[in-house]
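**Student:** The structure's right below; bear with me while I get my questions together.
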Amino acid sequence: MTAADTADLVLRIVVGLTIVAHGYNHIFGPGGINGTAGWFASMGLKPGIVHAWASGLMELAAGVGLAAGFLTPLSAGAIIGIMIVAGMTAHRKNGFFIFKPGQGYEYVLMIAVVCAAIATFGPGYASIDHLATIDDNLDGWLGGLIAVGMGVLGAAALLGSSWRPEPPKPATPATQEVTTTQDA
(Lines give C-alpha, C1' and ligand atoms only; values in the text may rest on other atoms or scores of the structure.)
Protein backbone atom coordinates (compact mmCIF):
# COMPACT_ATOMS: atom_id res chain seq x y z
CA MET A 1 0.00 0.00 0.00
CA THR A 2 1.46 3.35 -1.07
CA ALA A 3 1.29 6.68 0.73
CA ALA A 4 -1.38 7.77 -1.77
CA ASP A 5 -3.44 4.65 -0.95
CA THR A 6 -3.16 5.47 2.75
CA ALA A 7 -4.18 9.10 2.21
CA ASP A 8 -7.12 7.97 0.08
CA LEU A 9 -8.20 5.48 2.76
CA VAL A 10 -8.06 8.15 5.47
CA LEU A 11 -10.11 10.60 3.37
CA ARG A 12 -12.69 7.97 2.46
CA ILE A 13 -13.13 6.83 6.06
CA VAL A 14 -13.30 10.32 7.59
CA VAL A 15 -15.66 11.78 4.99
CA GLY A 16 -17.72 8.61 4.73
CA LEU A 17 -18.23 8.21 8.45
CA THR A 18 -18.94 11.92 8.84
CA ILE A 19 -21.76 11.53 6.34
CA VAL A 20 -22.96 8.37 8.14
CA ALA A 21 -23.12 10.35 11.40
CA HIS A 22 -25.02 13.12 9.62
CA GLY A 23 -27.56 10.67 8.22
CA TYR A 24 -27.92 8.96 11.58
CA ASN A 25 -28.62 12.34 13.18
CA HIS A 26 -31.29 13.13 10.57
CA ILE A 27 -33.13 9.92 11.43
CA PHE A 28 -32.36 9.29 15.11
CA GLY A 29 -31.07 12.67 16.39
CA PRO A 30 -32.80 14.84 18.99
CA GLY A 31 -35.73 15.81 16.75
CA GLY A 32 -35.86 12.44 15.05
CA ILE A 33 -37.18 11.92 11.58
CA ASN A 34 -40.21 14.12 12.27
CA GLY A 35 -38.00 17.03 13.32
CA THR A 36 -35.89 16.61 10.19
CA ALA A 37 -39.07 16.40 8.09
CA GLY A 38 -40.36 19.65 9.58
CA TRP A 39 -37.04 21.38 8.98
CA PHE A 40 -36.87 20.17 5.37
CA ALA A 41 -40.47 21.23 4.73
CA SER A 42 -39.74 24.68 6.20
CA MET A 43 -36.99 25.08 3.58
CA GLY A 44 -39.38 24.13 0.80
CA LEU A 45 -38.58 20.44 0.30
CA LYS A 46 -42.03 18.96 -0.07
CA PRO A 47 -43.13 16.51 1.25
CA GLY A 48 -40.72 16.92 4.14
CA ILE A 49 -41.08 13.38 5.49
CA VAL A 50 -40.14 11.81 2.15
CA HIS A 51 -37.06 14.01 1.87
CA ALA A 52 -36.06 13.39 5.48
CA TRP A 53 -36.13 9.62 4.99
CA ALA A 54 -34.49 9.79 1.56
CA SER A 55 -31.71 12.08 2.79
CA GLY A 56 -31.05 10.13 5.98
CA LEU A 57 -30.98 6.73 4.28
CA MET A 58 -28.92 8.01 1.33
CA GLU A 59 -26.38 9.55 3.71
CA LEU A 60 -26.11 6.27 5.62
CA ALA A 61 -25.69 4.17 2.46
CA ALA A 62 -23.41 6.54 0.56
CA GLY A 63 -21.27 7.22 3.64
CA VAL A 64 -20.74 3.51 4.29
CA GLY A 65 -20.06 2.96 0.59
CA LEU A 66 -17.48 5.74 0.47
CA ALA A 67 -15.76 4.63 3.67
CA ALA A 68 -15.53 1.03 2.39
CA GLY A 69 -14.55 2.07 -1.12
CA PHE A 70 -17.61 0.36 -2.61
CA LEU A 71 -18.72 1.67 -6.01
CA THR A 72 -16.75 4.74 -5.05
CA PRO A 73 -17.87 7.09 -7.87
CA LEU A 74 -21.53 6.31 -7.14
CA SER A 75 -21.09 6.75 -3.38
CA ALA A 76 -19.19 10.01 -3.95
CA GLY A 77 -21.80 11.16 -6.48
CA ALA A 78 -24.63 10.58 -4.03
CA ILE A 79 -22.82 12.64 -1.41
CA ILE A 80 -22.08 15.40 -3.94
CA GLY A 81 -25.78 15.55 -4.80
CA ILE A 82 -26.77 15.74 -1.13
CA MET A 83 -24.27 18.54 -0.56
CA ILE A 84 -25.55 20.49 -3.58
CA VAL A 85 -29.13 20.22 -2.32
CA ALA A 86 -28.07 21.25 1.19
CA GLY A 87 -26.05 24.13 -0.22
CA MET A 88 -28.94 25.41 -2.32
CA THR A 89 -31.75 24.95 0.20
CA ALA A 90 -30.11 25.74 3.53
CA HIS A 91 -26.71 27.40 3.20
CA ARG A 92 -26.37 29.51 0.02
CA LYS A 93 -28.36 32.47 1.32
CA ASN A 94 -26.09 32.70 4.38
CA GLY A 95 -22.88 33.40 2.46
CA PHE A 96 -19.67 31.41 2.36
CA PHE A 97 -18.47 30.97 5.94
CA ILE A 98 -19.93 28.24 8.15
CA PHE A 99 -19.69 30.42 11.27
CA LYS A 100 -22.10 33.03 9.87
CA PRO A 101 -25.63 33.01 11.30
CA GLY A 102 -27.57 30.25 9.59
CA GLN A 103 -24.29 28.65 8.46
CA GLY A 104 -22.80 29.38 5.06
CA TYR A 105 -21.99 26.87 2.33
CA GLU A 106 -18.29 26.43 3.18
CA TYR A 107 -18.76 22.95 4.74
CA VAL A 108 -20.98 21.46 2.03
CA LEU A 109 -18.70 22.82 -0.69
CA MET A 110 -15.64 21.19 0.89
CA ILE A 111 -17.38 17.83 1.32
CA ALA A 112 -18.55 17.88 -2.33
CA VAL A 113 -15.11 18.81 -3.68
CA VAL A 114 -13.35 16.16 -1.57
CA CYS A 115 -15.82 13.55 -2.84
CA ALA A 116 -15.16 14.61 -6.45
CA ALA A 117 -11.41 14.31 -5.81
CA ILE A 118 -11.78 10.86 -4.21
CA ALA A 119 -13.86 9.65 -7.15
CA THR A 120 -11.27 10.98 -9.61
CA PHE A 121 -8.32 9.59 -7.68
CA GLY A 122 -10.03 6.24 -7.23
CA PRO A 123 -10.77 4.15 -4.16
CA GLY A 124 -7.20 2.97 -3.63
CA TYR A 125 -5.78 -0.37 -2.64
CA ALA A 126 -7.68 -0.81 0.63
CA SER A 127 -11.17 -0.84 -0.88
CA ILE A 128 -13.92 -3.20 -1.92
CA ASP A 129 -13.62 -1.82 -5.45
CA HIS A 130 -9.98 -2.94 -5.57
CA LEU A 131 -10.81 -6.37 -4.14
CA ALA A 132 -13.56 -6.80 -6.74
CA THR A 133 -11.16 -5.52 -9.45
CA ILE A 134 -13.57 -2.85 -10.62
CA ASP A 135 -11.39 0.07 -9.57
CA ASP A 136 -9.46 0.07 -12.85
CA ASN A 137 -12.70 0.74 -14.72
CA LEU A 138 -14.11 3.42 -12.42
CA ASP A 139 -11.22 5.65 -11.38
CA GLY A 140 -9.48 8.56 -13.06
CA TRP A 141 -11.42 11.06 -15.13
CA LEU A 142 -14.26 8.60 -15.71
CA GLY A 143 -14.81 8.14 -11.96
CA GLY A 144 -14.73 11.88 -11.40
CA LEU A 145 -17.14 12.55 -14.26
CA ILE A 146 -19.53 9.86 -13.01
CA ALA A 147 -19.52 11.31 -9.48
CA VAL A 148 -19.87 14.96 -10.47
CA GLY A 149 -22.40 14.22 -13.21
CA MET A 150 -24.49 12.03 -10.94
CA GLY A 151 -24.35 14.59 -8.12
CA VAL A 152 -25.24 17.60 -10.27
CA LEU A 153 -27.97 15.86 -12.28
CA GLY A 154 -29.47 14.18 -9.21
CA ALA A 155 -29.53 17.44 -7.28
CA ALA A 156 -31.02 19.31 -10.24
CA ALA A 157 -33.75 16.67 -10.63
CA LEU A 158 -34.60 16.76 -6.92
CA LEU A 159 -34.60 20.54 -6.69
CA GLY A 160 -36.57 20.91 -9.92
CA SER A 161 -39.22 18.43 -8.88
CA SER A 162 -39.53 18.97 -5.14
CA TRP A 163 -38.11 22.28 -3.94
CA ARG A 164 -40.83 24.83 -3.44
CA PRO A 165 -39.51 27.50 -1.10
CA GLU A 166 -41.88 30.10 0.23
CA PRO A 167 -41.57 33.34 -1.72
CA PRO A 168 -39.83 36.09 0.21
CA LYS A 169 -42.18 38.29 2.14
CA PRO A 170 -42.39 41.82 0.76
CA ALA A 171 -40.54 44.40 2.76
CA THR A 172 -42.74 46.72 4.70
CA PRO A 173 -42.22 50.37 3.90
CA ALA A 174 -40.27 52.15 6.57
CA THR A 175 -42.33 54.42 8.68
CA GLN A 176 -41.55 57.94 7.82
CA GLU A 177 -41.09 60.53 10.45
CA VAL A 178 -43.30 63.50 10.12
CA THR A 179 -41.48 66.65 10.97
CA THR A 180 -43.10 69.96 11.43
CA THR A 181 -41.61 73.32 11.35
CA GLN A 182 -42.79 76.11 13.52
CA ASP A 183 -43.40 79.44 12.02
CA ALA A 184 -41.14 82.01 13.53
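The values are calculated or read from the model by the stated rules, or taken from the named source; none is laboratory data. Computed from a predicted model, the values in this text were never measured in an experiment. Don't worry about glycine lacking a Cβ; one is built from the backbone with ideal geometry, like all the others, and counts go over all protein chains shown. Ligands, DNA and RNA are excluded from the accessible area calculation, which covers all protein heavy atoms including side chains. Shrake-Rupley method; radii C 1.70, N 1.55, O 1.52, S 1.80 Å.
**Student:** Multiply the residue separation of K93 and A126 by 0.36 nm, subtract the distance between their alpha-carbon atoms, and state the gained length in nm to one decimal.
**Tutor:** So the extension gain works out to 8.0 nm.
**Student:** Now for a different question. Could you check the simple spin-label distance between S42 and D136, using points 7 Å along Cα→Cβ, in nm with one decimal?
**Tutor:** For S42 paired with D136, the spin-label model returns 5.3 nm.
**Student:** State in Å² the accessible area per residue of the range 115-165; use a 1.4 Å probe, count heavy atoms of protein chains only, and round to the nearest integer.
**Tutor:** 54
**Student:** Note down the relative contact order for the chain as a percent, whole number, built from C-alpha pairs under 8 angstrom at least six residues apart.
**Tutor:** So the answer I get is 24 percent.
**Student:** Can you tell which of A76, L9, L131 lies farthest toward the positive end of the dipole of the chain, using +1 and -1 charges on the Cβ of basic and acidic side chains (Lys, Arg; Asp, Glu)?
**Tutor:** Toward the positive end, the furthest listed residue is A76.
**Student:** So what's the net charge close to T89: Lys and Arg +1, Asp and Glu -1, counting the other residues with Cβ under 14 Å from its Cβ?
**Tutor:** Summing Lys and Arg as +1 and Asp and Glu as -1 gives +3.
**Student:** Taking only Cα atoms, what is the 0 to 90° angle, nearest 10, from helix 140-162's long axis to the longest principal axis of the chain?
**Tutor:** 40
**Student:** A further question on this structure: List the chymotrypsin sites (Phe, Trp or Tyr not before Pro) within the range 55-101 that fall in a DSSP loop (any state other than H, G, I, E or B) and whose Cβ has at most 15 other Cβ atoms within 10 Å.
**Tutor:** Here the sparse-neighbourhood loop sites are F96, F97, F99.
**Student:** Tell me the mean residue ellipticity at 222 nm calculated for the chain from its helices only (DSSP H runs of n ≥ 4, each -39500 (n - 2.57), averaged over every residue, nearest 500).
**Tutor:** So the calculated ellipticity at 222 nm is -21500 deg cm²/dmol.
**Student:** Can you tell me how the chain classifies by the Cα gyration tensor, rounded, prolate or oblate, using a/c under 1.5 as the rounded cut?
**Tutor:** Note, shape of the chain comes out prolate.
**Student:** Right, here's the next one. For the chain, with all protein chains present and a 1.4 Å probe, just round the carbon and sulfur fraction of the accessible area to a whole percent.
**Tutor:** Roughly 70 percent of what the probe reaches on the chain is carbon or sulfur.
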